[in-house]
Amino acid sequence: MLRHAVAMIKAIVGGTLIDGTGAAPRRNAVVLIEEDRIQGVGVTGDMIPPPGAEVYDATGKTVMPGVIDTHDHLASHGYDLLTRLGLQQAISYTNLLTARAIRHTLEAGITTVRDAAGLDRGFKQAVEEGLIPGPRLLITLDFISPTGGISDRTTISNHYIHPNPALPDPVADGPTAVRAKVREMIRAGADTIKTATTGGVSSPRHGPKDAEYSRVELEALVDEAHAQGKRVMCHALGGPGLELAVNCGVDSIEHGGYLDEQPETIKRMAAQGTYFVLTYSVYVHHRRSPFEYMRVRANEMFQHHLKSLTVALDAGVRVAMGTDTGGWAHGQNMTELQLLVEAGMKPMDAMVASTGEAARCIGLEDDVGSIEAGKYADLLVVDGDPSRDIAVLQDQAKILAVIKGGAFAKDAL
Ligand SMILES: [Zn+2]
């Protein structure tokens with residue numbers, strides 16, 4: 001019995017620990033893992049792995065928490081209309097592409113994902129049961145938005161397409177219907193409620209500063225979500241829709257490319273603790289889009305988006321890493337950390353925004369986001385020091401180990 005218990009201990013020894021809290025790196029670290037949780041964290045000499053422990057030597061390497069992407073679209077595989085509407089191929093084929101995207105994302109070192117629309121509860125169940133490898137998943141199912149809004153898939157020809165019957169129809173108008181839609185999303189498995197109060201760069205009808213939803217509708221949405229213990233992540237790029245979202249108390253602003261134009265909104269985000277998830281990665285893609293309207297909107301927003309990060313940080317707004325991956329590639333989520341650094345964040349702060357702060361943004365801070373006793377053993381062993389060179393995380397050959405819940409998803413140690 002004792003032998004069996006001891007055999008369950010893994011020890012990662014000798015590496016430099018960056019624990020996800022923002023604390024200075026610790027050399028010669030020892031991380032003990034018992035089954036799926038971290039049992040203890042210390043340094044060589046103070047903490048000795050018990051006899052029989054599986055010991056992994058991480059000397060000269062960095063040990064850090066698994067990265068959390070707070071905004072991904074694991075079930076998105078293209079921006080063209082046929083793909084978006086699910087007309088390009090059989091649903092079974094799309095689902096297999098999604099399963100592959102989920103695996104690639106985990107192997108890249110992303111151990112938790114908040115999916116920001118598109119993924120249904122079957123994928124989450126399949127990962128939790130070990131049917132397919134993947135990150136821990138929080139799902140939103142789809143954006144709740146009004147008629148003509150970002151998730152209304154009625155075409156110009158007035159055809160209505162519902163791409164995936166596993167997802168509720170996301171359109172709702174008026175406070176009563178919006179409240180019912182929140183309940184419907186939760187019934188269908190949503191962990192978090194996603195909405196949009198502005199158009200976007202890729203949305204066909206509304207642009208980045210065009211408002212969607214009235215105050216009474218958004219108040220009803222936020223009130224209902226919070227009453228049911230769910231957070232609200234809100235796509236909002238700029239203008240009155242962005243201001244409304246913050247004033248109505250959404251928990252995170254997604255994208256926020258024109259936030260720099262709204263100093264009062266920034267102050268309110270800082271005061272309320274509203275998270276800012278910039279998702280620079282998707283706009284790198286949109287600036288090169290084959291669709292002209294997307295290129296134009298993305299290029300117009302570019303400098304504002306860069307400035308939005310620095311003014312938000314100066315004001316004390318909390319930032320969490322999100323990529324808005326989907327539609328162009330999966331598994332390249334680590335690029336976002338470099339984009340945050342290029343926009344003015346210190347590498348260590350970008351790492352915290354991708355671990356400890358990201359966990360707080362999505363409400364999983366008791367379980368993930370840092371390497372501390374009691375949390376899930378979600379961690380990476382990296383050949384290099386991302387606190388000096390953040391780009392090292394993008395080189396998958398340098399991600400030597402990905403451990404999720406104490407089990408190796410990748411082991412090149
Ligand atoms: Zn998105």
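Observations
- Near Ala401, once Lys and Arg are set to +1 and Asp and Glu to -1 for all other residues with Cβ below 12 Å from its Cβ, the sum equals 0.
- Partner lysines whose Cα lies under 16 Å from the Cα of Lys404, excluding those fewer than 8 positions away in the same chain, are identified as Lys10, Lys124, Lys375.
- Full extension of the chain between Asp173 and Leu87 yields a length gain of 28.3 nm, computed as 0.36 nm times the residue separation minus the alpha carbon distance.
- Positive-pole candidate from Val31, Phe123, Val319, dipole of the chain, charges at beta carbon: Phe123
- Segment 8-152 - share of DSSP beta bridges that are antiparallel (%, nearest 5): 50 percent
- Gyration tensor (alpha-carbon) shape descriptor, segment 33-151, a/c threshold 1.5: prolate
- Antiparallel %, DSSP beta bridges [both residues in the chain], to 5: 50 percent
- Cα-based shape type of the chain, given that a ≥ b ≥ c are square roots of the gyration tensor eigenvalues and the cut on a/c is 1.5: prolate
- Packing-based order for 17-29, 323-335, using average beta carbon neighbours within 10 Å, highest first: 323-335, 17-29
- Proximal charge balance of Lys267 [Cβ under 15 Å; K/R count +1, D/E count -1]: -3
- For segment 1-90, a crude dipole built from +1 on the beta carbon of Lys and Arg and -1 on the beta carbon of Asp and Glu, taken about the Cα centre, is about 180 debye to the nearest 20.
- The chain, dipole about Cα centre (Lys/Arg Cβ +1, Asp/Glu Cβ -1), debye to the nearest 20: 300 debye
- Helix screen, the chain: DSSP H segments with Cα axial length of 30 Å or more and mean Kyte-Doolittle hydropathy at least -1.0 are 292-315.
- For segment 223-367: rounded, prolate or oblate by the Cα gyration tensor [a/c cutoff 1.5]: rounded
- Entry note, segment 268-352: relative contact order of 38 percent, from Cα contacts under 8 Å with a spacing of 6+ residues.
- Dividing the mean sequence gap of close Cα pairs (under 8 Å, 6+ apart) by how many residues the chain holds gives a relative contact order of 19 percent.
- Per-residue packing, averaged as other Cβ atoms within 10 Å, sorts the ranges 255-263, 295-303, 181-189 into the order 255-263, 181-189, 295-303, beginning with the highest.
- Rough spin-label spacing in nm, given labels placed 7 Å along Cα→Cβ, for Asp314 and His226: 3.0 nm
- Nearby lysines by direct alpha-carbon distance to Lys209 (threshold 21 angstrom, same-chain neighbours under 8 apart not counted): Lys194, Lys267, Lys307
- Segment 364-412 versus segment 47-109: alpha-carbon centroid distance in Å: 13 Å
- Interchain or long-range residues, amide H under 5 Å from Gly384's placed H: Thr62
None of the figures in this text is laboratory data; all of them are computed from the coordinates on show. Please read all numbers here as calculations on a predicted model, not as lab measurements. Using ideal geometry, Cβ is built from the backbone for each residue, glycine included, and neighbour counts are taken over all protein chains shown.
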